[in-house]
Amino acid sequence: RRSADRRRVEIEAMASEPAPAAIEYFTKRADEERKMQEEARRRSNDGAAEASVATRYFERDASARASEIEASRALVNDKTPDEVLPVDYFRKLGEAELAAKAKARLDMASKEMPIGIRYFTAKGEEDKARALAKQRALSDATMSDATRHFHRIEDEKEAARLLEEPEPMPAAIRKFTLAEYAARDRKKAEIREMHDNPPDMAVGTAYFTKMMNDRAAEQKAEIESLKANPPPASAAGQHFEKLENQRKLEIEALMNEPAPAAIEYFTNKANEEKRAQEEAMKRTGDGPVEASVATQHFEKQKSMRLRQMESNRALVQNKASEEALPIDYFTKLGEAETAAKAQSKHDLAESQMPDAVRYFTAMAEEEKAAKLAEFEEGGGEMSVATAYFNRLAAEEKAERLRMAEEEPERMPMAIQKFTLAAEEKRQKKKAALEELKANPPPVPVGVTHFTPDADQL
């Protein structure tokens, strides 16, 4: 309690002391601002309050924007709407531009090309158009009715498509594409204007260009003067010119000299062979020439091949045609072979089987066959619908078998030929294996020596 009393005394002493200068300043400023706010609130209650500078600025900005929006709306309402373009407008414009460029290049080439080339080029185009017309006429003459029908349908569709109103281009695509085309046309016009009326060169460029042209003209004049009045040759040039003249005289003297004996001999021999060939050609023109040995050999070989082909053709024509087999011939053959193998296995099993097992197995098979026959005849617990569909399936099966026996489907001759050959080859291999099983080859002496117990196995 004593400490609390001391603390209270200290607080009262601090409250009685004068406040610092900073606190005194801000306290006085806060009182002045409060008085100004109270006076402004009183004036506001007495009459209309004046807006601040910022409020008046934003109000002026909003009114200016509203007036601009109204002016733009009035301009849009008074403006004539743009023409609606078809969706393929720019594609056709590009095609027309390309066609114009190609026509300009063709006209320029026609002016530059010779008369003969121009004539035959035009003739080739006419021939091509005439051949195309003939081809179309031939196609129309030999066309099937179905193809002509579908061509007529396609032509009607194309005509209807051309008569239809084209699909309009979206406004945004039209606006920006037209602006792009306008900018491109302006650039092309500027480039053409610069090409037709090039701007003046800069002072430095003009100076150095004139200097280069003057130097080129001086060099050309010097070359022409040197051609007209060549300078006298130097001592070395005169020396080599003299040597060249002497070499020419030596070559001319060598050409005038008689040829050596070897050259004369081979020249005469070549002339004789040439005359012999000319005489042989003259005799060939007068009468028939005997063929060479090689030609006679190949003619003989050709005649032998022709005779062989004729004999083969006659043999094939005189050969009796093979009987066509049913389509299921090899299937039945395989089933019969499988059944024979199964029967042989069954007989082998029965021969090894005890009597009791054989008896009960036969009894089980008889009971199974009896139940199956009873089921097929409609007995037992079979419903009326099941019996009906079973009878219907049996009738269909009997009908199929009857049709197959009366008019069986025939096997193609190519399949019959190669399958019969393969079957014959298989039967030969099978017979060879059976022969090896029945009469095995003798065992070699070496095998018998190293396997003495082989006979007991």
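The values are calculated or read from the model by the stated rules, or taken from the named source; none is laboratory data. From a predicted model like this one, the values you see are computed outputs, not experimental measurements. Note: ideal-geometry Cβ built from the backbone for every residue, glycine included; neighbour counts use all protein chains shown. For accessibility, only protein heavy atoms count, side chains too; no ligands or nucleic acids. Shrake-Rupley method; radii C 1.70, N 1.55, O 1.52, S 1.80 Å.
Contact map, the range 120-140: first residue farther than 15 Å from SER110 by Cα, second residue open to solvent by 80 Å² or more (accessible area, probe 1.4 Å) and in a helix (DSSP H, G or I), Cβ cut-off under 9 Å, separation 6 or more or different chains; pairs are ASP140/ARG148; ASP140/HIS151.
Would you say GLU257 is surrounded by 10 or more Cβ atoms within 10 Å (Cβ to Cβ) and over 30 Å from ASP200 (Cα atoms)? Criteria not met by GLU257.
Within the range 147-187, the residues that satisfy the criterion of being more than 31 Å from the chain's Cα centre (by Cα) and of a type in the set (A, V, I, L, M) are ALA159, ALA160, LEU162, LEU163, MET169, ALA171, ALA172, ILE173, LEU178, ALA179, ALA182, ALA183.
When we screen ARG41, ARG60, ARG73, ARG29 for residues that are open to solvent by 70 Å² or more (accessible area, probe 1.4 Å), modelled with pLDDT under 80 and over 60 Å from the mean Cα position of the chain (by Cα), the only hit is ARG41. Within the range 328-342, the set of residues being part of a helix (DSSP H, G or I) and touching a residue at least 40 places away in the same chain (Cβ under 8 Å) comprises TYR329, PHE330, LEU333.
Checked against the criterion of being in contact with an Asp or Glu (Cβ under 9 Å, 6 or more places away or on another chain), at pLDDT 80 or above and in a helix (DSSP H, G or I), the candidates LYS397, LYS417 yield just one match: LYS417. Note on the range 140-181: among residues that are part of a helix (DSSP H, G or I), out of contact with any helix residue (DSSP H, G or I) (no Cβ under 9 Å at 6 or more places or on another chain) and of a type in the set (Asp, Glu), the one that is farthest from PHE90 (Cα to Cα) is ASP145.
When PRO86, PRO81 are screened for being modelled with pLDDT under 80 and of a type outside the set (Lys, Arg), only PRO81 passes. Identify the residue in the range 184-204 that is open to solvent by less than 70 Å² (accessible area, probe 1.4 Å) and part of a helix (DSSP H, G or I) and, among all such residues, is modelled with the lowest pLDDT. Looking at residues that are open to solvent by less than 70 Å² (accessible area, probe 1.4 Å) and part of a helix (DSSP H, G or I), I get GLY204.
Restricting attention to the range 357-394, the residues being modelled with pLDDT under 80, of a type in the set (Gly, Ala, Ser) and in a helix (DSSP H, G or I) number 3.
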